[in-house]
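Chemist: Just dropping this structure here.
The values are calculated or read from the model by the stated rules, or taken from the named source; none is laboratory data. Since the structure is predicted, the reported quantities are computational estimates derived from the model, not experimental observations. Glycine gets a Cβ as well: all are built from the backbone with ideal geometry, and neighbour counts include every protein chain shown. In case anyone asks, the SASA skips ligands and DNA or RNA and just uses the protein heavy atoms, side chains included. Shrake-Rupley method; radii C 1.70, N 1.55, O 1.52, S 1.80 Å.
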Amino acid sequence: MIAINSERLKRSLEEMGEIGLNDPGAGRTRLTLSQEDREGRNLFVRWLEEAGLQVCLDPVGNIWGIRQGRDMKAKPVMAGSHLDTVKNAGMFDGALGVLAALEVIRTLNDHGIRTEKPLAVAAFTNEEGARFQPDMMGSMFAAGLLDLERALGSMDDDHVTVGMALEETGYSGNDRLEASAYLELHVEQGPVLHREGMDIGIVQGIQGIAWWYGTYKGEANHAGTTPLEYRKDSLLAAAELCCELRKLAEELGNDTRSTVGRLHPLPDVVNVIPAETWFTIDFRQYDKKLFESGKEKVESLVAKIAEKHGLDFQLEQRVDALPIRFPLSMVHLVERVARKSGCSYMNLPSGAGHDAQFMHRLCPTAMIFVPSIGGRSHCPEESTDWKDVDRGADVLLKSMLELAGLVYEGTGV
Ligand code: GLV
Ligand code: MN
Ligand code: MN
């Protein structure tokens with residue numbers, strides 16, 4: 001029976017994981033289209049070329065490599081994920097899906113196996129959204145749901161746009177991404193599989209994600225002389241917002257999540273009442289109706305707190321990724337493969353966003369999860385057992401073969 005090369009996959013993940021490495025214990029940082037991301041892309045492209053793939057690049061910097069099948073006209077069966085990271089990230093988020101897909105190709109090359117449909121390995125631009133918004137930018141563009149102009153104009157905190165960063169890194173092209181099906185292997189990033197002792201998670205769908213960037217505008221004044229009732233303290237309002245958002249998530253129930261991940265008071269001085277405070281809001285919910293009504297509640301909460309504190313405010317929504325469900329035919333295909341491979345598995349929804357959330361809008365899509373130890377992710381402690389990496393890559397290999405159709409089995413199979 002054909003099997004992926006576990007050692008080679010481990011080496012590739014470790015080598016990619018070295019790029020952007022921070023001080024010991026602080027993980028790695030490869031923000032979208034940074035020098036570190038460029039280095040990761042260069043390595044990936046070299047590996048695609050070494051595997052004999054035709055390398056393609058689109059106007060937002062999505063990279064994919066195509067391995068021809070017997071049917072030259074068919075759209076490829078694609079697998080992939082992303083190579084960008086949040087700050088201080090683990091080694092697996094994104095890179096696992098990309099490099100396991102590459103390992104599938106390398107394995108088929110080793111065994112001289114040809115498929116009916118072409119296969120493709122993809123690395124999407126800016127899945128994380130840590131530098132530019134919206135997140136999942138590359139897959140959203142590929143699915144035709146994001147204008148090129150809006151993507152290229154997206155600006156980071158230093159006023160550098162995606163367009164400028166693409167020019168700087170040289171990762172802009174003119175190819176058009178197409179796929180007949182899409183598969184994404186990813187670490188779960190939550191505690192369920194590890195806690196339940198399951199090998200594989202088969203993802204039913206992905207919850208909706210909404211992000212806002214907001215500012216409360218008050219008045220700078222002296223911390224010692226300004227009586228409490230005279231103040232227009234923007235940070236106090238933002239602090240109240242943090243607590244109220246948490247309460248809102250609890251009240252809505254049904255696994256609603258709300259997070260303030262960034263909070264910046266200005267002028268940021270010990271004895272000055274903060275004149276302006278800008279903040280971000282991340283709001284998630286799996287149920288479509290609750291997602292929609294929850295978003296309205298978030299926006300009215302921001303306004304209500306501004307009014308209570310006598311402040312002006314601005315609120316800009318930068319992400320609105322709707323909840324999705326994967327087609328049952330694709331879910332069942334992965335289930336079948338996992339069962340035949342002797343893996344224990346369970347179905348579960350995804351709490352994290354993934355490129356699959358938008359590729360789903362382009363072609364039949366499925367996701368395979370492997371356990372995250374202790375459920376940790378988006379932090380240096382993120383980890384997955386190598387045995388689980390192996391199982392996940394194996395299920396990916398077999399699922400891709402089912403979708404692409406086997407033509408020729410070389411020796412050693
Ligand atoms: C991406 O990792 C997200 O879920 O924010
Ligand atoms: Mn990811
Ligand atoms: Mn992530």
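Chemist: So, in the range 3-62, exactly how many residues are on the phi > 0 side of the Ramachandran plot and in contact with a Phe, Trp or Tyr (Cβ under 8 Å, 6 or more places away or on another chain)?
Modeler: Total meeting the criteria: 2.
Chemist: Continuing with the same structure: Identify the single condition in (1) under 19 Å from residue 97 (Cα atoms); (2) part of a strand (DSSP E or B); (3) open to solvent by less than 20 Å² (accessible area, probe 1.4 Å) that residue 283 does not satisfy, given that it satisfies every other one.
Modeler: (1)
Chemist: Within the range 1-35, work out how many residues are assigned to a helix (DSSP H, G or I) and either among the polar types (S, T, N, Q) or surrounded by fewer than 19 Cβ atoms within 10 Å (Cβ to Cβ) (or both). Please lay out each step first, then the result.
Modeler: Start the filter on the range 1-35 by keeping residues that are assigned to a helix (DSSP H, G or I), which leaves 6-18, 35.
Right, trim to either among the polar types (S, T, N, Q) or surrounded by fewer than 19 Cβ atoms within 10 Å (Cβ to Cβ) (or both) and you get 6-8, 10-12, 14-15, 18, 35.
Qualifying residue count for the region: 10.
Chemist: Please state which of the following conditions residue 280 fails to meet, knowing it meets all the rest: (1) β-branched (Val, Ile, Thr); (2) under 30 Å from residue 124 (Cα atoms); (3) away from ligand 3 (no atom under 16 Å from the Cβ).
Modeler: (3)
Chemist: Whether any residue in the range 326-345 is in the same structural domain as residue 183 (by TED's automatic domain parsing), within 16 Å of ligand 2 (Cβ to nearest atom) and in contact with a strand residue (DSSP E or B) (Cβ under 9 Å, 6 or more places away or on another chain) is what I want to check.
Modeler: no
Listed here are the residues, each with its yes/no results for (1) within 16 Å of ligand 3 (Cβ to nearest atom); (2) assigned to a helix (DSSP H, G or I); (3) touching a helix residue (DSSP H, G or I) at 6+ places or on another chain (Cβ under 6 Å); (4) open to solvent by less than 30 Å² (accessible area, probe 1.4 Å).
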position	(1), (2), (3), (4)
292	no, yes, no, no
303	no, yes, no, no
319	yes, no, no, yes
363	no, no, no, yes
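Chemist: Still on this model: Out of the residues in the range 193-212 that are under 24 Å from residue 142 (Cα atoms) and of a type outside the set (A, V, I, L, M), state the one that is surrounded by the fewest Cβ atoms within 10 Å (Cβ to Cβ).
Modeler: Among those residues, the one meeting the criterion is 204.
For every residue, the table says whether it meets (1) away from ligand 1 (no atom under 16 Å from the Cβ); (2) open to solvent by 20 Å² or more (accessible area, probe 1.4 Å); (3) without any contact (Cβ under 8 Å) to a residue 24 or more places away in the chain.
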position	(1), (2), (3)
338	yes, no, no
384	no, no, no
387	yes, yes, yes
390	yes, yes, no
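Chemist: On to the next question. So which residues in the range 180-192 are open to solvent by less than 10 Å² (accessible area, probe 1.4 Å) and away from ligand 1 (no atom under 16 Å from the Cβ), if there are any at all?
Modeler: 181, 182, 183
Chemist: Given (1) under 30 Å from residue 241 (Cα atoms); (2) among the acidic types (Asp, Glu); (3) touching a helix residue (DSSP H, G or I) at 6+ places or on another chain (Cβ under 6 Å), where does residue 184 come up short, assuming only one miss?
Modeler: If we test residue 184 against (1) under 30 Å from residue 241 (Cα atoms); (2) among the acidic types (Asp, Glu); (3) touching a helix residue (DSSP H, G or I) at 6+ places or on another chain (Cβ under 6 Å), just (1) comes out false.
Chemist: Filter the range 160-217 down to the residues that are over 23 Å from residue 377 (Cβ atoms) and in a helix (DSSP H, G or I), then identify the one that is nearest to the chain's Cα centre (by Cα).
Modeler: This residue is 162.
Chemist: Would you be able to tell me the number of residues in the range 244-276 that are within 21 Å of residue 129 (Cβ to Cβ), more than 16 Å from ligand 1 (Cβ to nearest atom) and assigned to a strand (DSSP E or B)?
Modeler: Of the residues in that region, 2 qualify.
Residues are listed down the side, and each one gets a yes or a no for (1) within 16 Å of ligand 3 (Cβ to nearest atom); (2) assigned to a loop (DSSP other than H, G, I, E, B); (3) open to solvent by less than 10 Å² (accessible area, probe 1.4 Å):
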site: 49; (1), (2), (3): no, no, no
site: 65; (1), (2), (3): no, no, yes
site: 74; (1), (2), (3): no, yes, no
site: 78; (1), (2), (3): no, no, yes
site: 96; (1), (2), (3): yes, no, yes
site: 104; (1), (2), (3): no, no, yes
site: 109; (1), (2), (3): no, no, no
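Chemist: Mind checking which residues of the range 139-168 are among the β-branched types (Val, Ile, Thr) and open to solvent by 10 Å² or more (accessible area, probe 1.4 Å)?
Modeler: Result: 160, 161.
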